[in-house]
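Remarks on the structure that follows.
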């Protein structure tokens, strides 16, 4: 997800569209990315965090978290 | 003086960058993203385009291409490196320059000639300009909004590493109207506008951009 202080013009555009559609009560939209990885059992959490922090996300502008399904 | 120009899948502006190097008086050398070989160049240009389709993030996948291992190592040795547009995004993603480039405020792709102020002549790529000089070059990008955290912005300003600034308000919402920045040693420079498109009044809005390419030849010659 873009960090809170990073301007998210795409999210703002979605919020504007919701407003035009007559949806009330949505005060803000933030747009991010979601990756689903199929991994072997041997791939540990450290590896997943390394993948997330070094390639999938840019820590300069994005926060990220890893969850296992 | 050999100046390498890297081509990735999706690079567009390598041909103009090669032409700019040649007209400036250098010997352009084509480099390929999948190689681990800089072919003995004295300086490097990472040109613009849409490397790898801008998938994931602009410049993110190119920053991990094989040749980038050599680019990072060469930059660490002090080789001058210039990133233009997508090349700037790649150098940020590779960690050679601070900050990041994000979607333009307003979401529009911006394609126009505009005025830049050269804020620092103390880099390997801007020695042919005077600090404060204004130049006219094209900007053509959809993800050119420069962002960095507050501490980084303060540091860049304090250390004179904001190299180019939009004279009129940044058309992409860049923080501090920043159009280009440099590494701490002034050897690596990145900017969103395209100096390689402004090297001849016949084909561009000015010849102002040629100054970056003549500057690096002088910088390498004096090293």
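Values in this text are rule-based calculations from the coordinates and carry no lab data. The model shown is predicted, which means the values in this text are computed figures rather than measured ones. Every residue, glycine as well, gets a Cβ built from its backbone with ideal geometry; the counts of neighbours run over all protein chains shown.
Details
- Note on chain B: GNM, Cα springs under 10 Å; of B:193, B:171, B:66, the largest mean-square fluctuation is that of B:66.
- Ascending count of other beta-carbon atoms within 10 Å, so fewest first, for B:212, A:48, B:107, B:156: B:107, A:48, B:156, B:212
- For chain B, averaging the sequence separation of C-alpha pairs within contact (under 8 Å, six or more residues apart) and dividing by the residue count gives a relative contact order of 20 percent.
- Selected from B:211, B:190, B:78 as most flexible by GNM, with chain B as the system and alpha-carbon contacts under 10 Å: B:78
- Cα centroid separation, region B:138-176 to region B:5-70 (Å): 23 Å
- Only helices enter this figure: runs of n ≥ 4 DSSP H residues, each worth -39500 (n - 2.57), summed and divided by the residues of chain B, yield -7000 deg cm²/dmol at 222 nm to the nearest 500.
- The protein assembly as shown - share of DSSP beta bridges that are antiparallel (%, nearest 5): 60 percent
- Per-residue average of Cβ from other chains inside 10 Å of B:52-63: 2
- Distance distribution note for region A:2-69: the fraction of Cα pairs above 17 angstrom is 55%.
- Legend: ranking of residues B:91, A:37 from fewest to most surrounding C-beta atoms inside 10 Å; resulting order A:37, B:91.
- Gyration tensor verdict on region B:114-186 (Cα atoms; rounded if a/c is under 1.5, prolate if a/b is larger than b/c, oblate otherwise): oblate
- Residue exposure sequence - B:33, B:194 - by fewest surrounding Cβ within 10 Å: B:33, B:194
- Residue-averaged beta-carbon neighbours from other chains (10 angstrom radius) around A:6-19: 2
- Oblate is the label for region B:74-133, because a/c, from the alpha-carbon gyration tensor with a ≥ b ≥ c as root eigenvalues, is 1.5 or above and a/b does not exceed b/c.
- Taken over the alpha carbons of the protein assembly as shown as equal point scatterers, the Debye sum produces base-10 log I(q)/I(0) values at 0.08, 0.09, 0.10, 0.13 Å⁻¹ of -0.35, -0.44, -0.54, -0.88.
- Rounded to 10°, Cα long-axis angle of helix A:9-20 versus longest principal axis of chain A: 40 degrees
- Three-way shape call for region B:2-222 based on the alpha-carbon gyration tensor, with the a/c threshold at 1.5: rounded
- Principal axis extents of the C-alpha atoms in region B:97-223 (largest first, rounded to whole Å): 41, 37, 20.
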